[in-house]
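Data block below; observations after.
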Amino acid sequence: MMIKRNILEYGVNEEICDYVMTSIIPMYDGFDKGHSREHCEYVVSEALHLSTFYSADPDMVFVAAACHDIGLVEDRKTHHLVSERMILGDSNLKRWFTEEQIVTIAHAARDHRASSDREPETIYGRLIAEADRQIVPETVIRRTILYGMDHYPEMSREGHWQRMLDHLEEKYSERGYLKLWIKESRNADSLRILRDMIKDENVLRRIFDETFRKD
């Protein structure tokens, strides 16, 4: 559970904090296990932490991080674009931010997607994208499996196994499309560990079998 006190310690406006925690964060309870409330709270916490190394407005970081996946209410494939549109259309944000700031927040949410072929255009986009990577090696592998189980229930067990292998190779291997943006992040070291795990089929099979049994 996100602790309000911890958020406010970064200098986030209390009214904004209350609005986000009551109106935005609960949306994640309806998303898949890979994009749960827990994931959102991690991104918020990590983005705020990383923002302390830069001249970034904590209110803008907080809202962008909290809203980065809300577009999942409509669509997975274009959720980053839907998130952008929803932020731009949220009239409540005009109580605290200028139009220019809201556009920056919306673009930061849009730019978070790992498969994007362009660099985030602002420090806010880079902070959200980096925090969203959430490279905790075993967690990444389990999220990949759980996503497949949620979205492809008709797939066989070995089908899920192959899908997991393909996704990890495509996204996280040395040839993968994932990019890191913030040098102060712990993701680089974690990515190296994850890549070693991806190369070890015994490790992958153990995690796969354990996750399948639990869920």
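The values are calculated or read from the model by the stated rules, or taken from the named source; none is laboratory data. The shown structure was predicted, so the numbers you read here are calculated from the model rather than taken from an experiment. When we count neighbours, we look across all protein chains shown, and the Cβ atoms used for this are built from the backbone with ideal geometry, even at glycine. Note: areas computed on protein heavy atoms with side chains; ligands, DNA, RNA excluded. Shrake-Rupley method; radii C 1.70, N 1.55, O 1.52, S 1.80 Å.
Quick notes on this one:
- Any hit, the stretch 73-91, residues being touching a residue at least 40 places away in the same chain (Cβ under 8 Å) and of a type in the set (A, V, I, L, M): yes
- Filtered by the rule that a residue be surrounded by 20 or more Cβ atoms within 10 Å (Cβ to Cβ) and part of a loop (DSSP other than H, G, I, E, B), the stretch 114-156 gives PRO120, ILE135.
- The numbered conditions (1) without any contact (Cβ under 8 Å) to a residue 12 or more places away in the chain; (2) within 14 Å of the chain's Cα centre (by Cα) are all true for ILE70 except (1).
- Among helices (runs of 4 or more DSSP H) entirely within the stretch 1-103, having at least 2 residues that are open to solvent by 70 Å² or more (accessible area, probe 1.4 Å) and among the charged types (D, E, K, R) singles out 14-19, 37-51.
- The listed residues are LEU146, LEU168, and the only one of them that is modelled with pLDDT under 95 and closer than 30 Å to ARG85 by Cα turns out to be LEU146.
- Only one of the numbered conditions (1) open to solvent by 70 Å² or more (accessible area, probe 1.4 Å); (2) in contact with a Ser or Thr (Cβ under 9 Å, 6 or more places away or on another chain); (3) more than 30 Å from TYR54 (Cβ to Cβ) is not met by LYS179, and that is (3).
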